[in-house]
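Heads up, the thing below is written out as structure tokens.
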Amino acid sequence: MQKIELQTYPQKKTIGKLNAQVLRPWYEAKFEILDTRNTSNEWLLGEIKENFAWCIDQYTITLAERTILLQSKVGSRTFKFYNETKNYLHQIMTGEQKRDVVLLVNNIFS
């Protein structure tokens, strides 16, 4: 079991939580993100599921009734994001464009 909390700095306010399990051979996680866009401060529930695909790492990410697909060739550091209708959204390289991931998630789920 993997448990992670995302906190603000320097206030150390928790704004995200992830609970993951690796049920061999698939990865599955449930996460919560604090919605600070309004005064209710509700927690948005989400899920990450690894999908079976030959020679491709593929994950479905669902948050607030919206879904995106994350794909990468096995061994590649490049990830591509697609929306529900399989339209290409964005591409990132791990470890190099972390800011792009935050902007992409904000654009997709806002």
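Here, each number is a calculation from the coordinates, and none is a lab measurement. These numbers come from a predicted model, not from an experiment. A quick note on method: Cβ atoms are made from the backbone with ideal geometry, for glycine too, and the neighbour counts reach across all protein chains shown.
Less than 5 angstrom separates the built amide H of Thr67 from those of Glu84, all sequence-distant by 5 or more or on a different chain. Working from label points 7 Å from Cα in the Cα-to-Cβ sense, the Thr8 to Phe52 distance is 4.4 nm. Peptides 36-44, 11-19, 57-65 ranked from most to least packed give 57-65, 11-19, 36-44, packing being the mean of other C-beta atoms within 10 angstrom over each peptide's residues. For Glu42, the amide hydrogen comes within under 5 Å of the amide hydrogens of Asp35, counting only partners 5 or more places away or on other chains and with H modelled in the peptide plane. Remark: the range 53-61, residue by residue, has Karplus-estimated 3J(HN,Hα) of 7, 5, 6, 9, 7, 9, 10, 9, 10 Hz, where x stands for each Gly or Pro and the curve is 6.51 cos²θ - 1.76 cosθ + 1.60 at θ = phi - 60°. Between Met1 and Trp26, the C-beta separation translates, for a Förster distance of 22 Å, into a calculated FRET efficiency of about 0.90. Let me check I've understood the local charge: for Lys13, count other residues with C-beta under 14 angstrom from its C-beta, Lys and Arg +1, Asp and Glu -1. What total comes out? Result for the neighbourhood of Lys13: -1. Phi-derived couplings, Karplus 6.51 cos²θ - 1.76 cosθ + 1.60 at θ = phi - 60°, listed residue by residue for the range 64-81: 6, 6, 10, 10, 10, 10, 10, 10, 8, 5, 4, x, 7, 9, 9, 10, 10, 10 Hz, with x used for Gly and Pro. Projecting label points 7 angstrom from Cα along Cα→Cβ for Glu42 and Glu65 puts them 0.9 nm apart.
With θ taken as phi - 60° and the Karplus curve 6.51 cos²θ - 1.76 cosθ + 1.60 applied, the whole-hertz 3J(HN,Hα) list for the range 34-41 is 6, 8, 9, 6, 9, 7, 6, 6 Hz, x standing for glycine and proline.
Once you reduce the range 1-23 and the range 50-91 to the center of their Cα atoms, the two points are 22 Å from each other. Amide H contacts for Tyr27 (H built 1.01 Å from N in the peptide plane; partners 5 or more residues away or on another chain; cut-off under 5 Å): Glu50.
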